[in-house]
Structure formats: structure tokens, C-alpha cells
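Each remark here refers to the structure printed beneath this line.
What follows draws every value from the coordinates through simple rules; no lab data is involved. Values in this document were obtained by computation on a predicted structure and should not be read as measured data. Virtual Cβ from ideal backbone geometry, glycine too; neighbours counted across all protein chains shown.
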Amino acid sequence: MSVRNSVRNLVFLVVSLVVAVASAERHDTKFKAVPGSSLEIRAVEYDGAVNGTLKVQVKNTAKTTQKFAATGLYFVPQGDPDTAPQRLGAVGPMQLATDTKKEQASIEVPAGATVDVALDVFCIDSHRGSPSSKNAFDVGATRMPKELSQKIESSADAAVETERKSGNATPRPAAKGAIQSKVWESRDASWVELDGEGKQEVAKKKKR
């Protein structure tokens, strides 16, 4: 490869990265109650399509430290549910903005503190279109039923373990496609009505 081509490829890569960063859209959403907790949460930025990373802020207004776990949480796109894109379900561990290399199943939020967290999220409505960074999300008013969330988490863990055994150095990112398929499969196997339902779900409800 010539020096000219190498430079051209490098410039293209840099421009692509700049465009990707520039396209990330931050949303000034309101804090909502975390279901089953005294904590509050708001989603501020989504990086992805059919699955991706959702950056959220978790706030503790209590006078004591509170535990936060994302299992079973899902996020509803703002706007008309009859035409909105897919909702996003949190699957797997989370990462603190201050330590993006460490995966945690739960975190402790100190009294009066607000922490920035990155969640791995996957679309949960196979019949809807994919969301983008343009969409703003609010946390669902409820968590997914325990049976459904456990089924999804178990399938995700199995997909990651398969990649790990194959020698993949980054098993979780590599397993995203398999995890997404299992999320849709688990969700469609026994449709459960969640916050943010619209006319798009009429056919799903009829199959219950």
C-alpha cells in the first residue's frame, strides 16, 4: 500500500470517528423513579440502533446509600407509541463512567449523589423499527416480569460464555447478535404487556 493511500485511509478513519462523535445526541430528559427503588434515573444518550449503549444518570435523593441494579429495566421512546421505534431492555452488567473497563451487576449510590452509568441495551419489540441516537427515552414505569428478565439474562450469559470458550478476547460485544436474537425470542414466546404499548402491539396481544 502506498504512503498516499495510507494517509488517505487514516484521514478517512479520523473523519469517520469525528462524525460518529458529532452524531451522538444528548437529551435533557427528566428524572423518573426507578421501579421498586427509591432511586431516580434518566436516559441521556443512546449510541446504537437495534442494540447499543444507553448512558443514564442515577440519582439518590435519600439520606442513605442505595443499591442500583438494572435487571428487568426497560426504556420507552418518547412520542406516540403507535409509531415509536422499539423499546430498549437493559441486559447484562453495567459500567460506571469513571471505570469503563469494569463490569458490575449492581452499584452502590451514595446519599445525595448522581452517578453516570452505561447500560448494554437490546431492542425488545421485533415488530417495530430500530431506534437511533435521535430518540429520547424514559425508564418504563415497571420492570419486566421476573421470569422474563431471568430468561433473557440466562440466554445472554450463555451466549457470552460460548464466545469466551471459542477464545474470543471480547466475548460480550461478540455475542451481541446472539443476545439480540434471544431477547426477541424470549419476548415473543409469551407476550407480556409493558409500559409504552400502542396499536403496534395489537397483534401481539391477540396471540397471548
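Given +1 at the Cβ of Lys and Arg, -1 at the Cβ of Asp and Glu and no other charges, the dipole of the range 25-197 around its Cα centre is 440 debye to the nearest 20.
Computed across the range 57-103, the Kirkwood radius stands at 13.4 Å (inverse of mean 1/r, all Cα pairs). For the range 153-188, the residues whose backbone nitrogen is under 18 Å from a point 7 Å from the Cα of Lys101, taken along Cα to Cβ, are 169-173. Bridging of Lys59 to aspartates and glutamates at a Cα separation below 15 Å is possible for Asp28, Glu40, Glu108, Asp116, Asp138, once same-chain residues fewer than 8 apart are set aside.
If you wrap the tightest convex hull around every Cα atom of the chain and split its volume per residue, you get 147 Å³. Placing pseudo-labels 7 Å out from each Cα toward the beta carbon at Asn168 and Val192 gives an inter-label distance of 2.6 nm.
Full extension of the chain segment joining Glu25 with Arg208 gains 62.2 nm, where the gain is 0.36 nm per residue of separation less the Cα-Cα distance. Among Ile124, Ile152, Ile107, the largest mean-square fluctuation in a Gaussian network model of the chain (Cα springs under 10 Å) belongs to Ile107.
Taken over the alpha carbons of the range 124-197 as equal point scatterers, the Debye sum produces base-10 log I(q)/I(0) values at 0.12, 0.15 Å⁻¹ of -0.41, -0.62. Positive contributions from Lys and Arg (+1) and negative ones from Asp and Glu (-1), summed over other residues with Cβ under 9 Å from the Cβ of Ser190, come out at 0.
For Gln78 paired with Glu161, estimate the spin-label separation in nm (one decimal), with each label point 7 Å from Cα along the Cα-to-Cβ line. Using points 7 Å along Cα→Cβ, the separation is 4.1 nm.
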